[in-house]
Amino acid sequence: MSSSRVPIVLLLLGGLVFGCLVWWVIPAEPTIRVGFVGSISGRMADLGVGGRDGVILATEEINRAGGITGRQIDLLIRDDQHDPTVAAQVDQELIDQGVVALIGHMTSTMTLIGASIANRSQVLLFSPTASTTALSNQEDWVFRLYPDSRQENVRLADLAYNRLNLRKMILVRDDQNRAYTQDYGDWFASEFSRRGGQIVTDLHFTSSRKFPFSELAERIASAPGDGILLLCNAVDTALLTQKLRQRGVNHPILVSEWSTTEELISLGGEATEGLMLIQSVIPLGNSPREKHFRDQFLERFGYPPDFSAIKAYDAAHILFTALKKDPNPRKLRETIVGIQYFQGVQTRYRLTPTGDAEQKLFVMEIHKGHYRQVE
């Protein structure tokens, strides 16, 4: 071999070695981090657990299909413990870890906490279930998939006054989720009074294991009125309903969708028969989309999906759809607004430029241990 050819060979070998080293040290395309935050412990855990599992299922589906532009979704889950301090802490922690968006929180009170952090950081916060009107018509970084309290209470007041012929209502609110119950109750009172009805008793309590629910039930039972609206979580709604029926209270009882997870019926039993409400979802049917979701969720988690799981699953897929269109997290707001219409498991949503959801609502009742659509 001539001396002139040695450098060429060495250069070729060096290039090959360098190429191998470059291939070895350059990491694969990074994942896309998405956060989920909700109450997955404590008395409100049913809402958070359902939401968490809905997002997990949506994430696993998108990852099996190849991710977003070839990048897998890395889902980071945090428990806000329904505590304002913890909620603020975990939101900031997830943002510091580089999430492109947060899915959550699952109650209005915690979502208001998260809103200030999301707006300050300009990171999208997408709540599947928050409905307080304090978040309505705001050009901010908070999007919701649930209609606000006023929309729901127009229908609920009609149900109470015109269908059930109620004229004097007893209102019971859990201040543990005050941003929701104060807003929801005030809108109901306003719409009910506009139709000629009256709130004769307005009772507030703060949920805890040690709260004297028997005393609260006694106060409700002794109050004048021909109907009751309970604004509390599933566990407390089931408990209060049982105690009221044990005391011979047979007034129609209305509840909000907040309480209508499977725990309401499983814990409340026969006492929940006849409870009525306005819901954003109906029992899943047998359309290919609904059947696929129900079967996959049941197989994956071992229990049937409730409204919180459906809403969170839909919220996750809306987020993923937007990221497929434009993966830039700074453009997520305008990307979602630009798409505008989204088909969920059973609902077609319209998201307004201010991040509010518009959809059809349904009158529901509990009948023979199941949620049944009335109209």
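The values are calculated or read from the model by the stated rules, or taken from the named source; none is laboratory data. What you see is a predicted model; the values in this text were computed from it and never measured. Here the Cβ positions follow ideal geometry from the backbone for every residue, glycine too, while neighbour counts run over all protein chains shown.
A compact table of results
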| item | result |
| --- | --- |
| Cβ-Cβ under 8 Å pairs, at least 6 apart or on other chains, region 358-371 side assigned to a loop (DSSP other than H, G, I, E, B), far side surrounded by fewer than 17 Cβ atoms within 10 Å (Cβ to Cβ) | Gln359/Arg348; Gln359/Arg350; Lys368/Glu273; Gly369/Glu273 |
| Residue among Tyr313, Tyr341, Tyr371 that is among the aromatic types (Phe, Trp, Tyr), buried (at least 20 other Cβ atoms within 10 Å of the Cβ), modelled with pLDDT of 95 or more and within 21 Å of the chain's Cα centre (by Cα) | Tyr313 |
| All helices (runs of 4 or more DSSP H) inside region 274-351 with 1 or more residues being within 19 Å of Leu125 (Cβ to Cβ) | 307-325, 332-339 |
| Single residue of region 148-172 satisfying the filter (out of contact with any Gly (no Cβ under 6 Å at 6 or more places or on another chain), touching a residue at least 60 places away in the same chain (Cβ under 8 Å) and in a loop (DSSP other than H, G, I, E, B)) that is nearest to Ala238 (Cα to Cα) | Leu164 |
| Qualifying positions in region 28-51 - closer than 14 Å to Leu323 by Cβ and among the aromatic types (Phe, Trp, Tyr) | none |
| Region 316-338: number of residues that are within 17 Å of the chain's Cα centre (by Cα) and surrounded by fewer than 13 Cβ atoms within 10 Å (Cβ to Cβ) | 0 |
| Output for region 224-273, where each listed residue is part of a loop (DSSP other than H, G, I, E, B), more than 20 Å from the chain's Cα centre (by Cα) and not polar (S, T, N, Q) | Pro224, Gly225, Asp226, Arg247, Gly248, Val249, His251, Pro252, Glu273 |
| Residue that is nearest to Ala309 (Cα to Cα) [pool: residues in region 50-69 that are hydrophobic (A, V, I, L, M, F, W, C) and touching a helix residue (DSSP H, G or I) at 6+ places or on another chain (Cβ under 8 Å)] | Val55 |
| Which listed residue is in the same structural domain as Trp141 (by TED's automatic domain parsing) and either closer than 26 Å to Gln182 by Cα or of a type outside the set (Val, Ile, Thr) (or both), from Ile62, Ile95, Ile56, Ile103 | Ile103 |
| Subset of region 179-223 [among the charged types (D, E, K, R) and modelled with pLDDT under 95] | Arg209, Lys210 |
| Meets criteria (in contact with a strand residue (DSSP E or B) (Cβ under 7 Å, 6 or more places away or on another chain), surrounded by fewer than 22 Cβ atoms within 10 Å (Cβ to Cβ) and not hydroxyl-bearing (Ser, Thr, Tyr)) for Val100 | yes |
